[in-house]
Amino acid sequence: KAQTSAAKMSIVRTVRLRVPAGNAKPGPAIGQALGPLGINMMEFCKAFNDSTTKLVKDTPIPVLLTAYANRTFTFVNKSPPTTWFLKNAAGLEKGTTRPGHEMVGEVTLKQVFEIAKIKQEDEHLAHVPLRGLCRSIVGTAGSMGITVISDQALVNGEYPAEEGDEVEVAAVAKDDDEEWEDEGESNYGQFNR
C-alpha cells in the first residue's frame, strides 16, 4: 500500500546524488540537495546505508531520489560509474590529463566484459546489448588513457559461453596492429550474459 499511495502522490522533484556506499552522513553535500525538499536527511542516510551494506564501503553509488509532496521519498541505487570501475581495474588514482596522447594504464577484455555485466544490471541499461556496453566501456577507457589489451583466454575462446546476448570479442576491440580474421560464428570467443 505504501507504494500505491506514493505513486498517487505528486512528485516534487527528482534528485541525482552520488553517495559513498555504507557511509552516507547528513552533511553539506546531501543537505543542499535534500534540505529544500523537506526530506529528513537522517532517514535517507539510514535507508541508503542499509541498502548498500553488501557493497564495498565508500564505493561511489549514483542515486536517483524522488521526493513527494508529503515529504516522503523513494530512491534507486545504480551501479558505480564506469570510470570508477576502470580506474580500479587498472590500479589508477586518476586517468590521463592528455587523452589520445598519453596512456597511463591497461585493462583486459575480460575486465571490460565483467564491468559491462555489472552495468547491465541497471534498469536504464538492461535493454542495451552487452556488445554495445562493451564498446562504450572501451571508448571510455580510451578517453581516460587506459589501453584495452586482448585477453588470451578470450581470444582462444576459453571464456565460458552461455546462451543469451552474444558479443564477439573481435567486434568489441580491434587492435590496429593485429590482423583479425572473420571465421564466422566461431570467431575469437564470445561474451554472453
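Applying the Karplus relation 6.51 cos²θ - 1.76 cosθ + 1.60 with θ = phi - 60° to segment 91-100 yields 3J(HN,Hα) values of x, 10, 7, 8, x, 6, 8, 10, x, x Hz, where x marks Gly and Pro. Charged side chains reduced to their Cβ positions (Lys and Arg at +1, Asp and Glu at -1) give segment 65-108 a dipole of some 260 debye around its Cα centre. Each part reduced to its alpha carbon centroid, segment 41-71 and segment 91-138 end up 25 Å apart.
If you look at the Cα atoms of segment 42-108, you get an Rg and a Dmax of 16.8, 53 Å. Take every Cα pair under 8 Å whose residues are at least 6 apart in sequence, average their separation, divide by the length of segment 1-95, and the relative contact order is 33 percent.
Projected label points at residue 13 and residue 76, each 7 Å from Cα along the beta carbon direction, are separated by 2.0 nanometres. Note that segment 1-100 carries a Kirkwood radius of 15.0 Å, evaluated over its alpha carbons pair by pair.
If you wrap a convex hull around the alpha carbons of segment 11-164, what volume per residue comes out, as a whole number of Å³? Convex hull volume per residue, Cα atoms: 142 Å³. For the residues 44, 85, 75, a 1.4 Å probe over the protein chains yields an accessible-area ranking, largest first, of 75, 85, 44.
Each residue of segment 72-77 was assigned a 3J(HN,Hα) from its phi angle through the Karplus expression (A = 6.51, B = -1.76, C = 1.60, θ = phi - 60°), giving 9, 8, 10, 8, 10, 8 Hz with x at Gly and Pro. Say the cut-off is 24 Å between C-alpha atoms; which of 57/117; 54/117; 46/87 go over it? Too far apart for the 24 Å limit: 46/87.
Summarising the amide proton neighbourhood of residue 18: residues at separation of 5 or more, or on other chains, whose placed amide H is nearer than 5 Å comprise 63. The amide H of residue 147, built 1.01 Å from its N in the peptide plane, has 104, 105, 106, 107 as neighbours under 5 Å, considering only residues 5 or more places off or on other chains.
The HN-Hα couplings worked out from phi for segment 33-45 by the Karplus form 6.51 cos²θ - 1.76 cosθ + 1.60 (θ = phi - 60°) are 7, 9, x, x, 8, x, 8, 5, 5, 5, 5, 5, 4 Hz, whole numbers, x standing for Gly and Pro.
When 52, 74, 97, 82 are compared by accessible surface with a 1.4 Å probe, the order from highest to lowest is 97, 74, 82, 52.
The values are calculated or read from the model by the stated rules, or taken from the named source; none is laboratory data. Predicted model only: the values in this text are computed from it and were never measured. Cβ sites come from the backbone with ideal geometry, for glycine too, and all protein chains shown count toward neighbours. Heavy atoms of the whole protein, side chains included, go into the accessibility calculation; ligands, DNA and RNA do not. Shrake-Rupley method; radii C 1.70, N 1.55, O 1.52, S 1.80 Å.
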